[in-house]
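The structure appears below as structure tokens.
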Amino acid sequence: MKDLDQDKTIHLLNAIMEAELAGVVRYTHYSLMVTGPNRIPIVQFLKAQASESLLHAQQAGEIITGLDGHPSLRVAPLEETFKHSIYDILLESLNHEKSALDLYKDLLDVVTDASVYLEEYVRGMIGQEELHGMELRKMLRDFSPTEV
């Protein structure tokens with residue numbers, strides 16, 4: 001086992017926490033903007049994503065404090081595109097999930113062979129983010145004939 005780089009781990013966990021908190025805001029906003037005949041199931045999906053993002057932020061924060069770190073009060077930057085078609089919302093959601101996935105993969109690189117607990121935690125989170133991306137790509141299929 002290698003030594004855990006605590007500073008780098010805490011830094012990445014804070015970045016994850018900020019991204020997940022941005023997800024809470026993003027998905028809540030999106031859920032308010034959906035219109036059309038498929039509104040209800042899409043709103044339910046987006047609200048569930050917001051709740052899950054909050055849980056993920058809390059989990060990251062608990063690990064940060066467990067490592068004697070200080071959880072960030074920041075939220076990752078949010079850009080308002082003013083594009084609120086279902087296609088645009090789902091595409092922006094997919095891009096958000098890809099960014100979160102990249103952060104979790106960065107964390108996996110740092111904790112692999114240094115902490116079994118953190119390695120298992122981050123692998124589980126990567127699995128969840130990959131599943132979210134898969135679901136979003138399926139939802140986007142009806143909108144675009146090209147691969148998203």
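A short reminder: the numbers here are calculations on the coordinates, not readings from a lab. Quantities reported herein were computed from a predicted structural model and do not represent experimental measurements. Every residue, glycine as well, gets a Cβ built from its backbone with ideal geometry; the counts of neighbours run over all protein chains shown.
Brief remarks follow.
- Using a cutoff of 8 angstrom between alpha carbon atoms and counting only pairs six or more residues apart, the relative contact order for the chain works out to 31 percent.
- Taking the C-alpha atoms only, the angle from helix 86-111 to the longest principal axis of the chain is near 10 degrees.
- FRET efficiency for residue 143 and residue 62, using Cβ-Cβ distance with R0 set to 35 Å, rounded to 0.05: 0.40
- Longest segment of the chain lacking GluC sites (Glu not before Pro) that sit in a DSSP loop with at most 11 other Cβ atoms within 10 Å: 1-78
- One Cα centroid belongs to the stretch 1-61, the other to the stretch 104-144; the line between them spans 12 Å.
- A Förster radius of 22 Å, combined with the Cβ-Cβ distance separating residue 5 from residue 130, puts the computed FRET efficiency at roughly 0.35.
- Modelled spin labels at residue 47 and residue 87, positioned 7 Å past Cα toward Cβ, are 2.7 nm from each other.
- Taking the C-alpha atoms only, the angle from helix 116-140 to the longest principal axis of the chain is near 10 degrees.
- Compactness of the chain - radius of gyration and Dmax, Cα, Å: 16.3, 54
- In terms of distances greater than 28 angstrom between alpha carbons, the cross-link table entries 2/47; 47/138; 2/138 yield 2/47; 2/138.
- Using θ = phi - 60° and Karplus 6.51 cos²θ - 1.76 cosθ + 1.60, couplings along the stretch 25-36 (whole Hz; Gly, Pro as x): 5, 4, 5, 5, 4, 4, 4, 7, 9, 6, 10, x
- When the Cα positions of 103, 121, 24 are compared along the charge dipole of the chain, 24 comes out farthest toward the positive end, with charges on each C-beta of Lys, Arg, Asp and Glu.
- Between 0 and 90 degrees, the angle of helix 39-66 with respect to the longest Cα principal axis of the chain falls at about 10 degrees.
- In range of the label at residue 113: residues from the stretch 1-27 whose backbone nitrogen is under 11 Å from the point 7 Å along Cα→Cβ: 1-3
- Helices in the chain, meaning DSSP H runs of at least 4 residues, each add -39500 (n - 2.57). Divided by all residues, the mean residue ellipticity at 222 nm is -26000 deg cm²/dmol.
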